[in-house]
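Working notes for the structure below.
The values are calculated or read from the model by the stated rules, or taken from the named source; none is laboratory data. Given the structure is predicted, the values throughout are model-derived calculations rather than measurements. FYI the Cβ positions are ideal-geometry reconstructions off the backbone, even for glycines, and counts take in every protein chain you see. Ligands, DNA and RNA are stripped out before the accessible areas are found, and what is left, the full protein with its side chains, is counted by its heavy atoms. Shrake-Rupley method; radii C 1.70, N 1.55, O 1.52, S 1.80 Å.
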Amino acid sequence: MILYNVTTSLDPEIAEKWLAYMQDTHMPEVMATGFFLKSQLCRMLDEEEGGITYASQYYAVSREQLEAYQEVAAPALRADMDKHFGGRYASFRTMLEVL
């Protein structure tokens with residue numbers, strides 16, 4: 001199993017709106033692609049001063065499944081995120097093997 005982790009640091013002014021968008025729109029759309037088995041959203045407890053950080057996590061059966069998602073579905077989903085919140089957040093992505 002592969003864990004795809006997207007860590008996002010937000011401008012505090014958009015935090016509530018971003019969280020609602022993630023829970024109501026983005027994460028359901030990611031799951032609707034069929035590439036992942038489950039997802040979860042976590043808030044980082046030890047945040048840097050002035051920032052709010054979340055980790056959205058998605059579980060895929062294999063690395064190939066995740067790579068297919070990144071090629072087929074991710075570009076449009078990222079573009080929609082940028083349409084709503086561009087310049088107000090920064091994300092980095094990691095791929096982890098679940099042991």
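Side notes on the structure shown:
- Accessible solvent surface per residue of the chain, calculated while the other protein chains remain in place, 1.4 angstrom probe, Å²: 61
- Computed from phi, the 3J(HN,Hα) profile of the stretch 34-43 under the Karplus parametrisation 6.51, -1.76, 1.60 (θ = phi - 60°) reads x, 7, 10, 8, 7, 8, 7, 10, 10, 9 Hz, with x in place of Gly and Pro.
- Equivalent-ellipsoid semi-axes for the chain (Cα gyration tensor, √(5λ), whole Å, largest first): 23, 16, 11.
- Linear extension gain, ARG63 paired with MET44, 0.36 nm per residue minus alpha-carbon span: 4.3 nm
- Here the gap between GLU97 and ASN5, fully extended at 0.36 nm per residue and compared with their Cα-Cα distance, gives a gain of 32.0 nm.
- When ASP82, ASP24, ASP11, ASP46 are compared by accessible area of protein heavy atoms, the largest-first order is ASP46, ASP24, ASP82, ASP11, using a 1.4 Å probe.
- With a simple spin-label model that places each label point 7 Å from the Cα along the Cα-to-Cβ direction, the separation between PHE85 and GLN70 comes to 2.1 nm.
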